[in-house]
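Working notes, structure below.
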Amino acid sequence: MYNINLAILILRVGIGFMFIIHGWPKFIGGPEKWFSLGEFGMRSIGINFLPTFWGFMAAFSEFFGGIHLILGLFTRFFSTLLFLTMIIATTTHIADGIIEASHAIESSIIFLALIFMGAGKHSLDYNLFQKK
């Protein structure tokens, strides 16, 4: 069982770090960047209202989701936000082909698995909420 928890820790830290790097430029981009992200992403599923909000949520999910994955804090919640963000990213890129959408698809699979697995024993989730 120890190896499974170590594997979850490695997965969380690795993907969390990459999403911090991926999300930081979007997060600090401010309302202009958030508007363009939200408009581009949500248009792919037919949603044309509140583009700045949706873009902010994508940037927030990627940057703060990455931090929370590394810490293993509220892992299922942030994995859900990131899964939804990657589903939208998939819909925006799939028209350009499977290769263009592959990063978003692969990431959505990882986040879906983390939703079901949770953070494992080497996490704040476990130490704060599940440890007996």
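The values are calculated or read from the model by the stated rules, or taken from the named source; none is laboratory data. Not measured: the values here are computed from a predicted model. Glycine also receives a Cβ, built like all others from the backbone with ideal geometry; neighbour counts cover every protein chain displayed. Calculation scope for accessible area: heavy atoms of the full protein, side chains included, ligands and nucleic acids excluded. Shrake-Rupley method; radii C 1.70, N 1.55, O 1.52, S 1.80 Å.
Structure values in brief
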quantity	calculated
With every protein chain in place, the range 1-130: carbon and sulfur % of accessible area (1.4 Å)	74
Contact order relative to length of the chain, as percent, for alpha carbon pairs under 8 angstrom and 6 or more apart	26
For peptides 114-121, 41-48, 89-96, sequence by mean Cβ density within 10 Å, most packed first	114-121, 89-96, 41-48
Summed side-chain charge close to MET117 - residues other than MET117 whose Cβ falls under 14 Å, Lys, Arg +1, Asp, Glu -1	+2
Surface accessible to a 1.4 Å probe, per residue, for the residues of the range 15-101, Å²	54
Angle between the chain longest axis and helix 51-71 axis [Cα atoms, degrees, rounded to 10]	20
Stretchable slack from HIS22 to ILE87, in nm (0.36 nm times residue separation minus alpha-carbon distance)	21.8 nm
For the range 16-38 and the range 59-83, distance of Cα centres in Å	14
Paramagnetic reach from GLN130 (point 7 Å along Cα→Cβ, amide N under 17 Å) across the range 1-27	1-13
